[in-house]
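Q: Take this structure, written in structure tokens, and hold onto it; I'll ask about it next.
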Amino acid sequence: MLSTQTIKLVKDTIPLLANAGTQVTDHFYKRMFSHNPELLNIFNVSNQKSGKQQFALFSALAAYATHIDNPAVLSEAINRINHKHASLNILPEHYPIVGTHLLATLEEMFPNECTPEIIAAWAEAYGFLADLFITQEEGIYQQSEQKLGGWRGKRRFAISKIVQESEVIKSLYLTPVDGRQVATYSPGQYLAIECQVDGQDNRQIRQYSLSQSAKSDHYRISVKTDGLISSHLHTLEVGDEVDAYPPAGDFVLQTNQAPKVLVSAGVGITPMMAMLETLAEQDTQAPCLFLHACRNQNERAFTQSIENFKTQLPQLQTHTWIEADAQHEHSGLMQLNSLKPLLPIDDGEFYLCGPSGFMAFIKSQLIDLGVDQSRILYEVFGPHESL
Ligand code: HEM
């Protein structure tokens, strides 16, 4: 355990970090990438350019320092980061690199305030968190490896089928080139794909929600043409190959009989497709509501598949909001008030996926309707932001 003195010294640094804002993490990333450019193959260069990841690390460190004497408060957030890290194959040897640049950043940015005593406290606290992360991430690696069809690290996959699901979304079916089975996963989890885009200096990894129930011989991801890697994936053809890491993620469908409400916008529909298909295959009796929002009819995906699930799931009810179509059953933004009698306010589980603005909007409506926050589960694409 960390001593009271270490905790105090770390906590006392918070105002300093908070005042400097993203300057600290900005300095940290610039420093780390100039000394260890190989890490540019692991980090999302687009997030670096937009400054989004800077903020995620900063808030994690600030939260850690705030709750350093009671890390249980952070266990959910830590679990989410561990899954993200494991999916990106972050290894124990990466931690001292991050630690070194972090401490050097504090010394360089705050030469007067960060005394050797404070630096030593941060070193101890970082080491404590790093040990925890390394242990938990090793647990995730072992679980992935021990599954039937499981593996650790990179595995080569060929694109075996491509389906255009809407004007902007394509499904890619990925079959391992070794011809062996693939590891099972929980609906809601994602797969990390690594590839090299022509004209880019570094390889890049991106995570995509698996968009169907677990199959033994292939995976399916459904990708919106958006951003560097997703746009590149849209150019690939059947037979082209990519590397993938084992499925991971903490946003998973709970296996119980509680009513399920799946709420998505745009390409946020992808984990919901995996959840819906799993519910249909499990012949669940639980009430099930599928709510989806998209911008226009051309961007609407999986319409027929969702209708087909109603044969196996007769209790399934669906509602779609088409923002730009005034003739549709629901148009404009998703308003849940009109569905109030259908919503399992007291005992349902609400799964949300879509742009963070959409999810914040839905979450506040659900809370106003009386849904307990603990039953609202969500997945953020890109660096995590609290809703
Ligand atoms: C993502 C914290 C160590 C690489 C993240 C996120 C947080 C975080 C909060 C965002 C998670 C989300 O979006 O849900 C930390 C903390 C660490 C640590 C507190 C130390 C104890 C490391 C190490 C590496 C690493 C050692 C590897 C060198 C990444 C990458 C991402 C990430 C690649 C994905 C985001 C991106 O590519 O921009 N980490 N991390 N992290 N972390 Fe860490």
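Q: Would you mind calculating the relative contact order of the chain from Cα pairs under 8 angstrom and at least 6 residues apart, reporting the percent as a whole number?
A: Once normalised by length, the contact order is 14 percent.
Q: Check which residues have an amide H placed less than 5 Å from D226's amide H, if you skip close sequence neighbours.
A: The answer is S231.
Q: Right, here's the next one. Give me Rg over Rh for the stretch 95-213, both radii from the alpha carbons and Rh done the Kirkwood way, two decimal places.
A: 1.13
Q: Can you run phi through the Karplus equation (6.51, -1.76, 1.60; θ = phi - 60°) for the stretch 303-309 and list ³J(HN,Hα) in whole Hz, with x for Gly and Pro?
A: Each residue of the stretch 303-309 in turn: 4, 5, 4, 5, 4, 4, 5 Hz.
Q: Also, I was wondering about something else. Please give the length that would be gained between D346 and N202 if that part of the chain were fully extended, namely 0.36 nm times their separation in residues minus their C-alpha to C-alpha distance (nm, one decimal).
A: Between D346 and N202, full extension yields an extra 47.0 nm.
Q: If I model the chain as equal point scatterers sitting on the Cα atoms and use the Debye formula, what is log10 I(q)/I(0) at q = 0.07, 0.10, 0.13, 0.15 Å⁻¹?
A: Once normalised to I(0) and log-transformed, intensities are -0.35, -0.71, -1.15, -1.41.
Q: Please go through the residue pairs K147/K363; K215/K340; K84/K147; K161/K224; K11/K363; K84/K340 and name each one whose alpha carbons sit more than 28 Å apart in this structure.
A: Over 28 Å apart, Cα to Cα: K147/K363; K215/K340; K11/K363; K84/K340.
Q: Need the full-extension length gain, Q317 to K8, defined as separation in residues times 0.36 nm minus the C-alpha distance. One decimal, nm.
A: Extra length from Q317 to K8 when fully extended: 105.9 nm.
Q: Would you kindly derive the ³J(HN,Hα) couplings of the stretch 351-366 from the backbone phi angles with the Karplus curve 6.51 cos²θ - 1.76 cosθ + 1.60 (θ = phi - 60°), listing them in order in whole Hz, with x for Gly and Pro?
A: 9, 10, 8, x, x, 5, x, 4, 5, 5, 4, 5, 4, 5, 5, 5
Q: Moving on to the next point. Taking the highest mean first, how do the peptides 335-342, 40-47 order by number of other beta carbon atoms within 10 angstrom per residue?
A: The peptides rank, most packed first, as 40-47, 335-342.
Q: Then there is this: Express the C-alpha Rg of the stretch 4-146 as a ratio against the empirical globular expectation 2.2 N^0.38 Å, rounded to two decimals.
A: Ratio of Cα Rg to 2.2 N^0.38 Å: 1.04.
Q: Subtract the Cα-Cα distance of D368 and L148 from 0.36 nm times their separation in residues, and report this length gain in nm to one decimal.
A: 74.8 nm is the gain from fully extending D368 to L148.
Q: Can you give the angle from 0 to 90° between the axis of helix 116-146 and the longest principal axis of the chain, with both taken from C-alpha atoms, to the nearest 10?
A: Computed tilt is about 30 degrees.
Q: Right, here's the next one. From largest to smallest, what semi-axes in whole angstrom does the stretch 127-281 give when each is the square root of 5 times an eigenvalue of its alpha carbon gyration tensor?
A: Largest first, the stretch 127-281 gives 23, 22, 16 Å.
Q: Further question: Sorted from fewest to most neighbouring beta carbons within 10 Å, what does the list R31, R206, R180 look like?
A: The order, fewest Cβ neighbours first, is R180, R31, R206.
A short reminder: the numbers here are calculations on the coordinates, not readings from a lab. Every value quoted in this text rests on a predicted model; they were computed, and no experiment measured them. All Cβ positions, glycine included, derive from the backbone under ideal geometry; neighbour counts span all protein chains shown.
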